[in-house]
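A quick write-up on the structure given underneath.
Rule-based calculations on the coordinates, nothing more; no lab input. Everything numeric in this text was worked out from a predicted model, so none of it was measured. Cβ placement follows ideal geometry from the backbone for every residue including glycine, while neighbour counts extend to all protein chains displayed.
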Amino acid sequence: MPANLRLPVLALFFIFFACSQETGEGDKTLADSSALVDKSVVPKVRVDLLDASGFKALKRKYQGKVLLINTWATWCLPCKEEFPDLVRLARKYENSDVAIIGVSVDYPDEVNSKIIPFLNSQQANFPNFVQDFKQPEDLINLFNEKWRGAVPATFIYDKKGIQRAFLLGKHTFEEFKSEIETIRSDS
Amino acid sequence: MKEINKILVPLMIFFVSTAVLARDSKKKVDDFTLTDYNGKSYTLSADKASKAIVIMFISARCPVSNSYNDRMSALYEDYLPKGILFIAINSNNQEDIKEVKEHAKEHKFPFRVLKDRGNKVADAYDAQVTPEIYVVNQKHELLYHGRIDNSRREDEVESKDLRNALDEILAGKPVIVAETKAFGCSIKRVE
């Protein structure tokens, strides 16, 4: 090979090699994405304990965002029926000024046996907690004095951390979205 | 000074007596007539014999309500001889009279289970959850409202709130903890 051609050929070879590597990486990412959709591959879900100080910290952390907190339980059928709409909601508001949080009112010792398997089955894509209060009413009253503890119940806070909606029972994606958008436009 | 006292003293008497009346006045619940799964009717105001009436909003499908089935039967057995009546109400729209009957038979409930069609009584009482308890006297004054105890796991119960309230009522004492809360299933209402 003439000496004046060696450098361009080497450069072409390098570019070709780099592109091949990039394509390979791209394939890997696609493979990962499809793996997340595949229900046989379990994504990692984290469930933290939520006590009174954790609740206050949570509210502080999300100030400046519209915060939707859904309370649910693995023994509650309407909660389970409602959950896919929350997953859809979290996907819609990903990286926005709206945050979705789940709080299970199951027992903390049911995280691995019941809560995580359910969250995995739903491909839960938002932060999740389990209540860790000695008395149920301590958590119930923190959310709303008018709440008697029936789940599902959803509480929506404005960007200043003031509760603006208390939704008792099962609701739909559209109903949640409508409440969020009203609070969002007022904030 | 005397002139000021003429105004201040009646005013003080008014505020103190109002405060005492407010403290002693109990919330009243509405009367109702419902039928049980055998078609037999029950009217709250027709009950003149009981020292207190325990009204329990329950569900055939709610796992939390069902975790209390044995405890509700035990309460009935313990307190009926002492003059306390127990009535269960099913207000869930999805649970028809046939299901209510089968559920009561399956669990051998010793108390009557009434069907609240259209959740009218649940609405009047603002009952939200199952199980949810209302204890009333003959004047339909609310003496206790809330949970049976503080854990759906019977072996982890620390506070037997309903039993405590009934013991205080039978002793002629005011109920110290008259309002409690617990997690449970929401009552499915007509849409």
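Some values worked out for this structure:
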quantity: Protection proxy ranking of B:127-133, B:185-191 - average other beta-carbon atoms within 10 Å, highest first; calculated: B:127-133, B:185-191
quantity: 5 angstrom amide H check on B:LEU143, placed H, neighbours 5+ away; calculated: B:VAL135, B:VAL136, B:ASN137
quantity: For a label point 7 Å along the Cα-to-beta-carbon line of B:LYS101, residues of segment B:24-61 with backbone N under 18 Å; calculated: B:34-42, B:60-61
quantity: Using alpha-carbon coordinates, inclination of helix B:161-170 to the longest axis of chain B, degrees; calculated: 60 degrees
quantity: Distant-in-sequence amide H partners of B:GLY184 (H built 1.01 Å from N, under 5 Å); calculated: A:ALA150, A:VAL151
quantity: Rounded if a/c under 1.5, otherwise prolate or oblate - chain B, Cα gyration tensor axes; calculated: prolate
quantity: 3J(HN,Hα) from dihedral phi, segment B:174-182, Karplus parametrisation 6.51/-1.76/1.60, rounded to Hz, x for glycine, proline; calculated: x, 6, 5, 9, 9, 9, 9, 9, 7
quantity: For A:134-140, mean number of other protein chain Cβ atoms within 10 Å; calculated: 5
quantity: Fluctuation leader among B:ILE89, B:ILE169, B:ILE53 - chain B, Gaussian network, Cα springs under 10 angstrom; calculated: B:ILE169
quantity: Those lysines that a straight Cα-Cα span of less than 17 Å connects to A:LYS134, excepting residues fewer than 8 apart in one chain; calculated: A:LYS56, B:LYS160, B:LYS181
quantity: Burial ranking of peptide ranges A:135-143, B:148-156 (average Cβ count within 10 Å, highest at the top); calculated: A:135-143, B:148-156
